[in-house]
Amino acid sequence: MKVPSDIKVYGNMDFRGKCPSESLEQVTFFARLRRLHPKYGAIALHPRNEGKRTHLQAAKEKSEGMTTGATDIIIPSNPSFVCELKRRDHTVSTLGQAQVVFMRAAQDAGCFVCIALGADAAWQAFEEWLDAKAQ
């Protein structure tokens, strides 16, 4: 996975090996968030924008607000937390151009934007975001 230099990455880029799926990492992050920070867990979301659709379904969903490339974890706040979650071994993940476009637009709008390699890395980013909000 080629990572853009203007988007911060959390996690070990040198890690290679067996690791949980992106879906399992996401479940782990959201469970921890809801348990330890219910205030943010209540508003955090994962936009369902992946999967196969017919051309008609895709057009309808886009007209209803689906945004191609939206990140895996979004917590609306000031600033918002916008995180693309990938597997710990980033070489088995892909980063789409639409995701990069979305993250750059969010960054330009003032959001805290990052790529996290696994749930622990996403948690590290979340804690850094919390610390920055407290200042």
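Considering only region 127-135, I want to know if a residue exists there that is at pLDDT below 95, more than 13 Å from the chain's Cα centre (by Cα) and either open to solvent by less than 30 Å² (accessible area, probe 1.4 Å) or polar (S, T, N, Q) (or both).
Yes, region 127-135 contains at least one residue that is at pLDDT below 95, more than 13 Å from the chain's Cα centre (by Cα) and either open to solvent by less than 30 Å² (accessible area, probe 1.4 Å) or polar (S, T, N, Q) (or both).
Output the number of residues of region 46-70 satisfying the condition of being closer than 24 Å to A106 by Cα and either modelled with pLDDT of 95 or more or in a helix (DSSP H, G or I) (or both).
6
Considering region 90-135 alone, what residues qualify as being farther than 15 Å from Q26 by Cα, out of contact with any Ser or Thr (no Cβ under 9 Å at 6 or more places or on another chain) and either of a type in the set (V, I, T) or not in a helix (DSSP H, G or I) (or both)?
Residues satisfying the conditions are T91, V92, T94, L95, V100, Q135.
Would you say Y10 is over 19 Å from S77 (Cα atoms), within 16 Å of the chain's Cα centre (by Cα) and touching a residue at least 12 places away in the same chain (Cβ under 8 Å)? Steps first, answer last, please.
Values: over 19 Å from S77 (Cα atoms): yes; within 16 Å of the chain's Cα centre (by Cα): yes; touching a residue at least 12 places away in the same chain (Cβ under 8 Å): yes.
Against the criterion (over 19 Å from S77 (Cα atoms), within 16 Å of the chain's Cα centre (by Cα) and touching a residue at least 12 places away in the same chain (Cβ under 8 Å)), Y10 qualifies.
Does D108 fit the bill of being more than 15 Å from the chain's Cα centre (by Cα) and either open to solvent by 30 Å² or more (accessible area, probe 1.4 Å) or modelled with pLDDT of 90 or more (or both)? Steps first, please.
Values: more than 15 Å from the chain's Cα centre (by Cα): yes; either open to solvent by 30 Å² or more (accessible area, probe 1.4 Å) or modelled with pLDDT of 90 or more (or both): yes.
Yes; evaluated as a whole, the condition is true for this residue.
Within region 14-34, which residues are open to solvent by less than 80 Å² (accessible area, probe 1.4 Å), assigned to a loop (DSSP other than H, G, I, E, B) and out of contact with any Lys or Arg (no Cβ under 6 Å at 6 or more places or on another chain)?
G17, P20, S21
The values are calculated or read from the model by the stated rules, or taken from the named source; none is laboratory data. Only a predicted model underlies this, so the values are computations on that prediction, with no experimental measurement involved. Glycine gets a Cβ as well: all are built from the backbone with ideal geometry, and neighbour counts include every protein chain shown. Calculation scope for accessible area: heavy atoms of the full protein, side chains included, ligands and nucleic acids excluded. Shrake-Rupley method; radii C 1.70, N 1.55, O 1.52, S 1.80 Å.
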